[in-house]
């Protein structure tokens with residue numbers, strides 16, 4: 001099977017985790033930022049997390065270098081454009097990229113300027129390549145919570161014009177949803193769709209609460225529901241799509257090895273699953289790699305793949321017209 005040629009949908013991809021190493025070096029030079037090395041291979045190694053990290057923080061440390069050069073509007077626009085170009089070049093037809101505007105204010109950019117730059121890069125790529133997309137605004141839990149509503153407010157003017165959803169990311173303490181109810185509700189009232197990172201490193205109860213308390217329509221990762229019947233049944237009953245990122249989950253030790261990932265059992269159990277990259281650079285992966293691994297390791301058929309593709313389209317935050325276009329690729 002030619003995995004490269006399959007039409008693909010990526011609903012869980014972080015902008016700062018998908019920066020080209022060469023671009024990082026070029027931007028650092030332009031911006032006068034000193035890097036730990038001037039050797040491309042060494043920089044690449046610093047940006048890619050080990051195949052098995054000690055823990056999630058070790059994985060997350062790989063974002064430090066990229067974020068350092070993502071404080072200028074032109075850089076944000078260019079990085080966004082390149083990510084969509086890279087995705088389009090491996091037949092990804094639709095990409096939802098997520099990022100945290102809170103992390104890009106060190107040079108004085110406003111939240112609106114930050115969001116506008118990323119949307120602009122995406123729109124430019126849409127004009128040049130056979131790909132469509134949307135932006136998801138991730139709120140990172142380690143930043144002050146009083147920054148959340150201003151980010152939501154700044155993104156409102158872009159809703160339906162490139163921005164689609166609200167996300168919560170970062171370390172996953174048990175019961176974190178209790179602290180974010182007002183922010184998720186605020187985002188919903190403003191017109192945002194909701195996806196939440198949950199059940200990656202934390203417990204299945206976090207997934208249940210993300211759905212019932214925060215109104216999550218999709219869950220980033222969500223693999224912990226395999227050990228929590230209440231969460232599993234709620235996700236299945238509500239048809240909450242799981243944004244699975246298998247290679248990333250192996251790296252962060254959320255699962256011990258690829259073959260232990262529950263994506264197949266979820267799929268066969270009637271839960272809508274999607275296959276995603278999480279971070280193209282940090283996880284040293286592509287959508288082609290992720291699809292190939294899932295299909296080969298779990299023995300899925302072409303029919304299975306297209307069912308997952310259709311589920312990805314149905315649960316995307318694309319508008320109806322784009323969904324209709326994407327569905328055409330599955331016929």
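The numbers here are math on the coordinates, done by the rules we state, and not lab data. The shown structure was predicted, so the numbers you read here are calculated from the model rather than taken from an experiment.
Under a GNM of the chain (C-alpha, springs under 10 Å), which listed residue has the highest mean-square fluctuation: 135, 273, 240? The residue with the greatest mean-square fluctuation here is 240. For mean projected area of the Cα convex hull in nm², computed directly from the structure shown, the correct entry in (i) 16.7; (ii) 17.8; (iii) 15.3 is (iii). So for the stretch 168-327, what percent of the C-alpha to C-alpha distances run longer than 28 Å? Summing the P(r) tail past 28 Å for the stretch 168-327 gives 17 percent. Taking the empirical scaling 2.2 N^0.38 Å for compact globular proteins as reference, the stretch 86-157 has a Cα radius of gyration ratio of 1.21. Once you reduce the stretch 220-237 and the stretch 258-331 to the center of their Cα atoms, the two points are 18 Å from each other. Here the stretch 87-101 and the stretch 202-217 have alpha carbon centers that stand 25 Å from each other. Apply the a/c threshold of 1.5 to the C-alpha gyration tensor of the stretch 140-195 and tell me whether it is rounded, prolate or oblate. Note, shape of the stretch 140-195 comes out prolate. Shape descriptor for the stretch 97-225: Rg over Rh equals 0.98 (Cα atoms; Rh from the Kirkwood inverse mean 1/r).
Please report the relative contact order for the chain, taking Cα pairs under 8 Å with a sequence separation of at least 6, and give it as a percent rounded to a whole number. Mind dumping the intermediate values first?
On the way: 604 pairs, mean separation 66.2, N = 331.
Reported relative contact order: 20 percent.
Panel note: the C-alpha atoms of the stretch 1-101, placed on their principal axes, show extents of 43, 35, 27 Å (largest first).
Among 216, 117, 28, which one moves the most in a GNM of the chain with springs linking Cα atoms closer than 10 Å? Judging by the Gaussian network model, the answer is 28.
Would you calculate a helix-derived [θ] at 222 nm for the chain, using -39,500 (n - 2.57) for each DSSP H run of n ≥ 4 and dividing by the full residue count, to the nearest 500? Here the helix-only value at 222 nm equals -12500 deg cm²/dmol.
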